[in-house]
Amino acid sequence: MRARISKSTIHGTVKAPSSKSFTLRGLICAALADGTSEIVGPLPADDTEAAREVLGKIGVDIEQGNDAWLVSGGHFKRPHSDLYCRDSAGTLRFMTAVCSLAPGACRLTAGPSLAKRPVGPLIEALKQVGVSCGSDSGFAPVTVKGGSLEGGVAVLPGNISSQFVSALLFVAPLAPQEMSIKLSSTPESKPYVMMTLDCMQSFGVKVRPSPSLRSFKVARQGYRPVKYRVEGDWSSASYPLALGAVAGEVQVNNLNIQSRQADRAMVDLLKKMGADIHTGYDAVKVKKSPLRPLRADLSDCIDLLPTVAALAAVAGGVSELTGISRARLKESDRVSAVKEGLERMGIHVNEGKYSFFIMGGRPRGAVVDSKGDHRIAMAFSILGILAGDTIIEGAECVSKTYPEFWDVLKSMGGEVTLDGK
């Protein structure tokens, strides 16, 4: 599907969709709790649907209501077919660990994009704590023998994916022996690990982390069923906030200003660029204003790279974005995809291994390939609104995390036409 975008002035108030990351974590914790939990305000999207389907195949009953899911967990069964994780990395990685608690053997498969993303370090760490598991040279499909988790010490690198650490944390309380998780390198995306710890605590589980988050001790204990409320998603909110900064005035509601989410950094990044931004109790308002270039380390909030790159493209000067290495291992190689899209729009980019230099200017309309990556599609819609005459190829990929995105953009005055070519 293509999104054809004309130059537009943006104005309006929108509600941030619920957090994908907290929805996934809430589902996992509820599945591990013996009893029925209520997930209030979950995100319905491709990634969370993938998790629901996989959990259902191992015996977790999830009843969907209007604004809540009832999750009956604590009793797993042997799956009768492969566990297809679509292109949800969180589902594949979290469920690889969870399947060590299910009876029988599990085989987790992936969509074409996810099949290119590594899972090897998690497999090796799980083996250290007794889990019988394997993968295709470090990638999906993954096989896991249920009932094999023993506990003990797992050592893994911290600079590849916080999801590996979170996966181990989720199952650690249910290991027969106390479990310790140690990171051989400084962890990146620390806020995502803190999100996992917060969610586990909401379900009654206590973890003893070191101050540096380089090690964790988890005693044997149980999850308890609870009512768990999902907050708004800062990653998804970054796009309308950026639109307000370059093309009009936007207020985004349903945002926790004190959130653990890494992408709450969007507020500070916009301030650093000189945006006219105001924060309230649960809302952020941004008005169009001249932007200045910035130097930003995105190590802890790497999902913001496409959005910040789009803002840098219109800032007056050269911006430097560092900490970008892990962006190459997302749904697409986001460093390459951003560079390609910006250059098509007439913006000069200098790409290094660890940094990205963007010369701000006046983007022109172009055909941009989203690479099937939701964050590339949504970020380049920002520049499309500003420049006009822009086509986003593969626009349907936004369904991964923000299915209503194009409708929301239209509701704010964005001139967008979708077609199936």
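For (1) outside any loop (DSSP other than H, G, I, E, B); (2) touching a helix residue (DSSP H, G or I) at 6+ places or on another chain (Cβ under 6 Å); (3) farther than 20 Å from Leu126 by Cβ; (4) modelled with pLDDT under 95, each residue gets a yes or a no:
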| residue | (1), (2), (3), (4) |
| --- | --- |
| Ala167 | yes, yes, no, no |
| Phe170 | yes, yes, no, no |
| Gln177 | no, no, no, no |
| Lys182 | yes, no, no, no |
| Ser185 | no, no, no, yes |
| Lys206 | no, no, yes, no |
| Arg220 | no, no, no, no |
| Ser236 | yes, no, yes, no |
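Quick check, is Arg93 assigned by TED's automatic domain parsing to the domain that holds Lys182 and crowded, with 20+ Cβ neighbours inside 10 Å? Spelling it out, Arg93 is indeed assigned by TED's automatic domain parsing to the domain that holds Lys182 and crowded, with 20+ Cβ neighbours inside 10 Å.
Sub-8 Å Cβ pairs linking a first residue in the stretch 138-165 that is within 11 Å of Lys182 (Cβ to Cβ) to a second residue that is aromatic (Phe, Trp, Tyr), at least 6 apart or interchain, are Leu156/Phe164; Val165/Phe216, ordered by first then second residue. Taking the criterion of being among the acidic types (Asp, Glu) and within 23 Å of Asp82 (Cβ to Cβ), the residues of the stretch 1-59 that qualify are Asp46, Asp47, Glu49, Glu53. Looking only at the stretch 325-364, residues that are of a type outside the set (Asp, Glu), in a loop (DSSP other than H, G, I, E, B) and modelled with pLDDT under 95 come to 5 in all.
Considering Ile181, Ile160, the condition of being under 27 Å from Ser212 (Cβ atoms), in the same structural domain as Asp82 (by TED's automatic domain parsing), touching a strand residue (DSSP E or B) at 6+ places or on another chain (Cβ under 6 Å) and among the aliphatic types (A, V, I, L, M) is satisfied by Ile181 alone. Scanning the stretch 116-131 turns up no residue that is among the polar types (S, T, N, Q) and out of contact with any strand residue (DSSP E or B) (no Cβ under 6 Å at 6 or more places or on another chain). Applying the criterion of being under 19 Å from the mean Cα position of the chain (by Cα) and of a type in the set (A, V, I, L, M) to the residues of the stretch 375-396, the residue that is farthest from Leu241 (Cα to Cα) is Ala395. Being modelled with pLDDT of 95 or more, out of contact with any Pro (no Cβ under 6 Å at 6 or more places or on another chain), crowded, with 17+ Cβ neighbours inside 10 Å and part of a strand (DSSP E or B) is not true of Ala310. Residues in the stretch 397-416 that are closer than 14 Å to Asp46 by Cβ and either more than 21 Å from the chain's Cα centre (by Cα) or surrounded by 20 or more Cβ atoms within 10 Å (Cβ to Cβ) (or both): 6 in all. The sole residue among Asp333, Asp263, Asp276 that is buried (at least 23 other Cβ atoms within 10 Å of the Cβ), free of Cβ contacts under 8 Å to residues at least 60 places away in the same chain and charged (D, E, K, R) is Asp263. One residue is enough: does the stretch 75-83 have a residue meeting the conditions under 23 Å from the mean Cα position of the chain (by Cα), assigned to a helix (DSSP H, G or I) and within 23 Å of Cys397 (Cα to Cα)? No, the conditions are met nowhere in the stretch 75-83.
The values are calculated or read from the model by the stated rules, or taken from the named source; none is laboratory data. Since the structure is predicted, the reported quantities are computational estimates derived from the model, not experimental observations. In this analysis, Cβ positions are derived from the backbone assuming ideal geometry, glycine residues included, and neighbour counts consider all displayed protein chains.
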